[in-house]
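Reading through the structure tokens given below for one structure.
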Amino acid sequence: MQSLLIEKVNYVLTQDQMPTSWYNIQADLPIQVPSLRHPKTGEVISPEEIKSLLPMALIKQEFSQERMIEIPEEVQRIYRQWRPSPLIRARRLEQALDTPAKIYYKYEGVSPSGSHKPNTAVPQVYYNKLEGVKRLVTETGAGQWGSSLAMACAFFGLDCGVYMVKVSYHQKPYRRALMEAYGARVVASPSNETDAGRAILSEHPDSTGSLGIAISEAVEVALQDVDTKLALGSVYNHVLMHQTVIGQEAMKQLELAGDYPDIIIGCTGGGSNFSGIAFPFIGAKLRGERDIRVIAVEPASCPSLTRGTYAYDFGDTSKLTPMVKMHTLGHSFIPAGIHAGGLRYHGMAPLVSHLMKLGQIEARAETQIRCFEAGIQFARAEGIVPAPEATHAVRATIDEALRCKESNQSKVILFNLCGHGHFDMQAYIDYMAGKLRDHEYSQEEVAMALAGLPSME
Ligand SMILES: *Cc1c(COP(=O)(O)O)cnc(C)c1O
């Protein structure tokens with residue numbers, strides 16, 4: 001009897017209710033996502049041609065049109081340490097905002113490294129291990145991805161090398177320490193260890209780095225050694241697909257709550273946590289089941305979806321990665337050193353860019369001070385300090401909830417709280433000391449994006 005009366009906050013799934021497959025949105029797209037192209041010839045790339053970078057299992061997933069792809073048992077076993085993750089009704093935030101909207105958040109900060117990133121790090125290392133790879137190299141911005149990959153490599157006994165964007169290397173020493181605690185080797189990028197790094201340093205000795213440069217360094221190292229492959233924490237189709245455990249769980253949890261979202265909100269760097277929560281719902285919409293509004297929120301200083309160009313571009317600065325069609329600010333773009341390091345990528349996942357083109361999602365850009373303000377408001381109501389990246393989703397959620405109040409509409413809002421900010425407290429210290437500055441993407445930077453793009457159809 002009592003269970004009918006209590007006001008529920010946490011919608012708990014049992015471990016056997018965890019999804020056993022990833023959802024591949026490619027199966028439901030009305031128009032296929034544009035193909036990968038060769039970085040030198042511009043021709044459509046075949047799976048064989050990226051074998052030196054990725055294991056075959058992941059390449060197959062990248063190109064797959066199958067709707068559901070089974071999660072290997074060994075990966076599920078590791079997921080079960082922190083999954084299913086909680087879906088929480090933000091009742092105190094609703095009260096603080098005095099909104100008729102219902103706000104739910106999926107909390108991915110419960111993973112050991114504190115974000116959604118292990119959802120893809122674990123299967124990526126698993127498949128590499130199966131194919132005999134000895135070492136993985138990668139890039140990291142804020143260090144969330146690097147620490148998640150380092151952890152997964154420790155689980156499976158692979159070596160891990162991380163090129164960390166220099167500005168973050170200095171801003172976030174605790175993330176670096178965490179990666180090293182897991183056994184990874186961490187190098188500030190641009191470094192003197194690679195041609196790509198040396199080329200940047202000779203032109204810009206004080207370069208603060210970028211994800212594009214760090215990826216170039218990692219790719220160069222992977223191409224030089226047959227036992228070493230590349231791992232990437234976002235953008236690629238298979239990475240987005242691994243994150244769909246988030247949305248599939250949220251769907252079941254909302255069913256327990258007797259609700260369905262009217263609005264889904266996620267922050268976007270490369271697009272993986274956003275896709276993770278939104279794709280299962282967008283898939284249902286594409287199949288004609290239920291309508292929803294989906295909002296991607298990006299930083300005003302690195303606004304690929306709202307102000308970038310939709311065109312073929314390289315994923316890295318040195319033009320080593322395959323070209324993808326995406327919303328881009330240009331592969332040579334170096335964004336301002338804002339604190340949401342995980343959102344400082346020049347491009348957006350091809351699948352997210354494609355869905356934008358198809359009118360399935362909308363995007364907005366927010367400046368960092370308004371985001372931290374929302375992060376603090378959320379922390380005071382809900383107790384969790386959001387990662388700086390996640391404050392972008394919090395900002396948009398609060399704004400939508402306030403809009404509901406004005407129009408007196410009781411909408412259901414679901415957002416992804418993709419990580420906690422415990423390793424990012426310097427950002428909060430700077431915010432509270434009034435030291436943060438907003439940086440908006442300028443017209444000159446827009447022009448630079450256009451100028452640097454490869455010329456092809
Ligand atoms: C990496 C990261 C992001 C940005 O990457 P997406 O692929 O867009 O999710 C956002 N938030 C957190 C907490 C991250 O670790």
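Scoring GLY269 on the criteria (1) in contact with a Leu (Cβ under 6 Å, 6 or more places away or on another chain); (2) under 24 Å from ARG67 (Cβ atoms) leaves a single failure, condition (2). Of all residues in region 102-114, how many are in contact with a Ser or Thr (Cβ under 7 Å, 6 or more places away or on another chain), crowded, with 21+ Cβ neighbours inside 10 Å and farther than 14 Å from LEU414 by Cα? The total comes to 2.
Take the conditions (1) in contact with a helix residue (DSSP H, G or I) (Cβ under 7 Å, 6 or more places away or on another chain); (2) more than 16 Å from the ligand (Cβ to nearest atom); (3) touching a residue at least 40 places away in the same chain (Cβ under 8 Å); LEU305 misses just one of them, which is (2). Restricting attention to region 239-279, the residues being in contact with a strand residue (DSSP E or B) (Cβ under 9 Å, 6 or more places away or on another chain) and either within 10 Å of the ligand (Cβ to nearest atom) or open to solvent by less than 10 Å² (accessible area, probe 1.4 Å) (or both) number 28.
Looking for something in a strand (DSSP E or B) and of a type in the set (Lys, Arg) - is there at least one such residue anywhere in region 357-365? Yes, there is a match, as at least one residue in region 357-365 is in a strand (DSSP E or B) and of a type in the set (Lys, Arg). Kindly indicate whether ILE88 is more than 19 Å from SER148 (Cβ to Cβ), under 21 Å from the mean Cα position of the chain (by Cα), open to solvent by 10 Å² or more (accessible area, probe 1.4 Å) and of a type outside the set (Gly, Ala, Ser). Considered against the rule, which asks whether it is more than 19 Å from SER148 (Cβ to Cβ), under 21 Å from the mean Cα position of the chain (by Cα), open to solvent by 10 Å² or more (accessible area, probe 1.4 Å) and of a type outside the set (Gly, Ala, Ser), ILE88 comes out as yes. The set of residues in region 349-369 being more than 15 Å from ARG307 (Cβ to Cβ), of a type in the set (A, V, I, L, M) and open to solvent by 10 Å² or more (accessible area, probe 1.4 Å) consists of LEU358, ILE361, ILE369. State which residue is modelled with the lowest pLDDT when the search covers only region 441-455 and only residues that are loosely packed, with under 13 Cβ neighbours inside 10 Å and closer than 18 Å to LYS325 by Cα. Looking at the filtered set, the residue picked out is SER455. Give me the pairs: first residue in region 246-269 and farther than 20 Å from GLY342 by Cα, second residue charged (D, E, K, R) and part of a helix (DSSP H, G or I), beta-carbon distance under 7 Å, and six or more apart or on different chains, which are they? From residues that are farther than 20 Å from GLY342 by Cα, the pairs are ILE263/GLU400. Being more than 13 Å from the ligand (Cβ to nearest atom), more than 20 Å from the chain's Cα centre (by Cα) and either outside any helix (DSSP H, G or I) or more than 24 Å from GLN409 (Cβ to Cβ) (or both): is that true of GLY283 here? The answer is no for GLY283.
Of the helices (runs of 4 or more DSSP H) that lie entirely inside region 1-115, those containing 3 or more residues that are of a type outside the set (Gly, Ala, Ser) and touching a helix residue (DSSP H, G or I) at 6+ places or on another chain (Cβ under 9 Å) span 56-63, 73-79, 91-97. Here ILE59 qualifies as aliphatic (A, V, I, L, M) and either open to solvent by 10 Å² or more (accessible area, probe 1.4 Å) or in contact with a Pro (Cβ under 8 Å, 6 or more places away or on another chain) (or both). Close contacts from region 321-343, counting a first residue that is under 22 Å from MET164 (Cβ atoms) and a second that is among the β-branched types (Val, Ile, Thr) and at pLDDT below 90, with Cβ to Cβ under 9 Å and a gap of 6+ residues or different chains, come to LEU329/VAL446.
Here the condition is being buried (at least 20 other Cβ atoms within 10 Å of the Cβ), touching a residue at least 24 places away in the same chain (Cβ under 8 Å) and in a loop (DSSP other than H, G, I, E, B); of PHE372, PHE423, it holds for PHE423 alone.
Pairs meeting the criteria (first residue in region 386-399 and farther than 15 Å from GLY114 by Cα and open to solvent by 10 Å² or more (accessible area, probe 1.4 Å), second residue charged (D, E, K, R) and in a helix (DSSP H, G or I), beta carbons under 8 Å, at least 6 apart or on different chains) are ARG395/ARG370; ARG395/GLU373. Checked against the criterion of being over 21 Å from the mean Cα position of the chain (by Cα), surrounded by 15 or more Cβ atoms within 10 Å (Cβ to Cβ) and at pLDDT 95 or above, the candidates THR14, THR99 yield just one match: THR99.
The values are calculated or read from the model by the stated rules, or taken from the named source; none is laboratory data. Predicted model only: the values in this text are computed from it and were never measured. Here the Cβ is made from the backbone with ideal geometry for all residues, glycine too, and neighbour counts use every protein chain on show. When the accessible area is computed, the model is the full protein with side chains, heavy atoms only, and any ligands, DNA or RNA have been set aside. Shrake-Rupley method; radii C 1.70, N 1.55, O 1.52, S 1.80 Å.
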